[in-house]
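Structure first, commentary second.
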Amino acid sequence: RSVRAYHGLGDAYRDKGEWDLALYYWKEAVRLKPNQFSEVHSNMGNIYRMKDQGAIAIKEYKNALKINPDNVEAHYGLAAALEELGQIEGALEHYNLFINKASESYKQEVEEAKRHIKVLESQRKYE
C-alpha cells in the first residue's frame, strides 16, 4: 500500500470515530515516511489526548512540530495536553505560539486559547 492510502484510511477511520484503526493506519504512513506528515502526528496526538494518554499525545505533538514548527494545531494540542498534565509554563508557551501563528480562520480557537492563558496565569500566581 502507498503512504497516501494509509494516510487516507487513517483519516477515514478518524472521521468514523474508530480511533484505534485510525492510529494503526497513520502509524503505517509515518513508518513509511517518518518526516513527512506533521498533521498525522498532530492527529495522533489528538486521539491520544481523547484516550487520556497525555504523555503519548505530547510526544506526537512534539513530533509534529519537529517536522513543521508552524503547525498551529500541534501548538494548540500540545498546549492543551500540557495544561491537562499541570505543566503550566509549557502550556502558556504553546498557547502563545498558537495565537501568534494562527490565521484568521482560527479566530474562535484563538479566543479560547486566550481564556486558557488567563486561567493558567491566575493559577501560576498561586503556586
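How many of the residues in the range 71-127 are polar (S, T, N, Q) and either closer than 19 Å to Gly45 by Cα or touching a residue at least 12 places away in the same chain (Cβ under 8 Å) (or both)?
We begin by selecting, within the range 71-127, every residue polar (S, T, N, Q); these are 71, 87, 96, 100, 103, 105, 108, 122-123.
Then drop every residue that is not either closer than 19 Å to Gly45 by Cα or touching a residue at least 12 places away in the same chain (Cβ under 8 Å) (or both), which leaves 71, 87, 96, 103, 123.
Going through the range 71-127 one residue at a time, the tally reaches 5.
In the range 32-69, how many are of a type outside the set (A, V, I, L, M) and touching a His at 6+ places or on another chain (Cβ under 6 Å)? Working first, answer last.
Step one: filter the range 32-69 for residues of a type outside the set (A, V, I, L, M), giving 33-39, 41-43, 45-46, 48-49, 51-54, 59-63, 66, 68-69.
Narrowing further to those that are touching a His at 6+ places or on another chain (Cβ under 6 Å): 60, 63.
Qualifying residue count, the range 32-69: 2.
What helices (runs of 4 or more DSSP H), lying completely within the range 1-111, carry at least 3 residues that are over 13 Å from the mean Cα position of the chain (by Cα) and modelled with pLDDT of 95 or more?
Answer list for the range 1-111: 3-15, 19-32, 88-101.
Give the residues of the range 27-63 that are touching a Leu at 6+ places or on another chain (Cβ under 6 Å) and either among the acidic types (Asp, Glu) or open to solvent by 20 Å² or more (accessible area, probe 1.4 Å) (or both), sorted by residue number.
Hits for the range 27-63: nothing passes.
Could you please tell me which pairs satisfy a Cβ distance under 8 Å, a separation of 6+ or placement on different chains, a first residue in the range 38-66 that is touching a residue at least 40 places away in the same chain (Cβ under 8 Å), and a second residue that is of a type outside the set (A, V, I, L, M, F, W, C)?
Short answer, once both residue conditions are applied: none.
The values are calculated or read from the model by the stated rules, or taken from the named source; none is laboratory data. As the structure is a computational prediction, the values presented were derived from the model and not from experiment. Here Cβ is always computed from backbone atoms with ideal geometry, including for glycine, and neighbour counts include all displayed protein chains. Surface areas here come from the heavy atoms of the whole protein model, side chains and all, with no ligands, DNA or RNA. Shrake-Rupley method; radii C 1.70, N 1.55, O 1.52, S 1.80 Å.
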